Structures are given as C-alpha cells and as structure tokens.
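In what follows, a structure is listed as structure tokens, so that the remarks can point back to it.
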Amino acid sequence: HLQSVEIVEHYRFSTSMVREDMLVLTTGEDVVLSCAQAILVKPFSLETEYDLIDQYIQQIRSQYKESIFIHSLSRYCQGMEQLEIREKNLYSLLETMDISLRAAEQYEFVLDTDALLLPRVHEGTGNNSIRILCLTHPVFHRGTDLRYLVISDYYTATHEMQDFYYCLQTLLRPGRLDSMK
C-alpha cells in the first residue's frame, strides 16, 4: 500500500531529495548506482507488454473486489433461505411472512435479475443484515417472475453505508444470486 506516488523527471532527479521511506523506480543505471533506494526497471520494448500488464492489473483488481465482496457478504448475510410458500401475488406472500409494504416506510425495487429488493433503513443502532429468500415457486409481480426476495436492513448509526451497499450492489448483479444458489 503506497500513500502517494510522485513522478520525477530524470533530469530533475537528485539523490539529495530522496528520503529514507522512499522507493525509487528508475530505468537509469546511473541512478541505481548513486541511490540506495533505487530499483532498476526494464523499459518497455513491445506494445504487447502494455496489454499484458494491463490485463494483469485488471485481474488483480477483480480478485481484490471479489475478496472484499466475500468478506462483506460473510459479515452481512447469513446464507440463502428456501421459501416453500405458494402464493399467487407478492403482497399475499409478504403478508404470510408478516412483512408489510407501506408506501411511506417501504420501497420495493423489481430488478431485471428476477429478484425483488426490499430495502429497509432504520434509525439508531442495530446489526446491518441482508436476507436472501429463494422462492421455490416463482411469484409474478410487475411483469416479472420473481425467484428471489432480498431484504436488507440498514441502521444509520453504524456508518457502514459504503461497505453495506457495495455488498448489496454486487449481490444483485445479473447471475450472481443464481451462482450463489
């Protein structure tokens, strides 16, 4: 983890400005000989090397994002529950689960991934959580056969909004719930 990166042109570089906590990457052999913190880097000779490095960086970033998602998923989500309830519409299904959709307090988002998101925001402290309910019998609602209900409970006093909603956003991407099932 680097706190900052500074690019210094070769003609402006001098060993007197190098601090002890610096790392110097250079293509100049004279810099390596005059500076103990310097590391010699091979200059790029082929255009394909840029593409290979870019692919490698993208792979590292996607692995890093995936590990953040898995960590936050294990923190907020306790698994996927199977629901055997057979109902004709969403409102009767939610009523049997003792969940009400009141316009002033509750929003619903039908996603293009055959899932319904029911986000609930609470004031105060509590445990942020995400419940994933897998419907064994799909429920038709607003032109979509719903196979998943995702119920999120977020407590404002926890100040975990960025981590929590990143987890939720990644979870609701197309195909993610099916792959988790």
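Only residues in region 154-173 that are over 21 Å from D114 (Cβ atoms) count as the first member; pair them with residues that are acidic (D, E) and open to solvent by 60 Å² or more (accessible area, probe 1.4 Å), Cβ under 7 angstrom, at least 6 apart or cross-chain, and list the lot.
Correct list of pairs: T156/E123.
Given the condition in a loop (DSSP other than H, G, I, E, B), open to solvent by 40 Å² or more (accessible area, probe 1.4 Å) and on the phi > 0 side of the Ramachandran plot, answer yes or no: does some residue in region 158-165 qualify?
Yes.
Are any residues in region 40-98 of a type in the set (D, E) and either out of contact with any helix residue (DSSP H, G or I) (no Cβ under 7 Å at 6 or more places or on another chain) or closer than 20 Å to C167 by Cα (or both), and if so, which ones?
E47, E49, D51, D54, E66, E81, E84, E95, D98
Can you name every residue in region 143-179 that is more than 21 Å from E81 (Cα to Cα) and modelled with pLDDT under 85?
Within region 143-179, the first condition is being more than 21 Å from E81 (Cα to Cα), and the residues that meet it are 143, 155-163, 166.
G143, the sole residue that qualifies.
Which residues, taken from region 120-137, are surrounded by 13 or more Cβ atoms within 10 Å (Cβ to Cβ), without any contact (Cβ under 8 Å) to a residue 40 or more places away in the chain and either part of a strand (DSSP E or B) or of a type in the set (S, T, N, Q) (or both)?
Selection gives R120, V121, H122.
Somewhere in region 146-168, is a residue acidic (D, E) and over 21 Å from I70 (Cα atoms)? It would help to see each step written out before you state the result.
If we filter region 146-168 for residues that are acidic (D, E), which is where we start, we get 153, 160, 163.
Among the residues that remain, those that are also over 21 Å from I70 (Cα atoms) are: none.
Among the residues of region 146-168, not one is acidic (D, E) and over 21 Å from I70 (Cα atoms), which makes the answer no.
Take the residues in region 34-81 that are open to solvent by less than 70 Å² (accessible area, probe 1.4 Å) and outside any helix (DSSP H, G or I), then tell me which one is modelled with the lowest pLDDT.
The residue in question is G79.
The values are calculated or read from the model by the stated rules, or taken from the named source; none is laboratory data. Note that the structure is predicted; figures quoted are calculated from it, not measured. All Cβ positions, glycine included, derive from the backbone under ideal geometry; neighbour counts span all protein chains shown. Remember, those area values only see protein heavy atoms, side chains included, never the ligands or the DNA or RNA. Shrake-Rupley method; radii C 1.70, N 1.55, O 1.52, S 1.80 Å.
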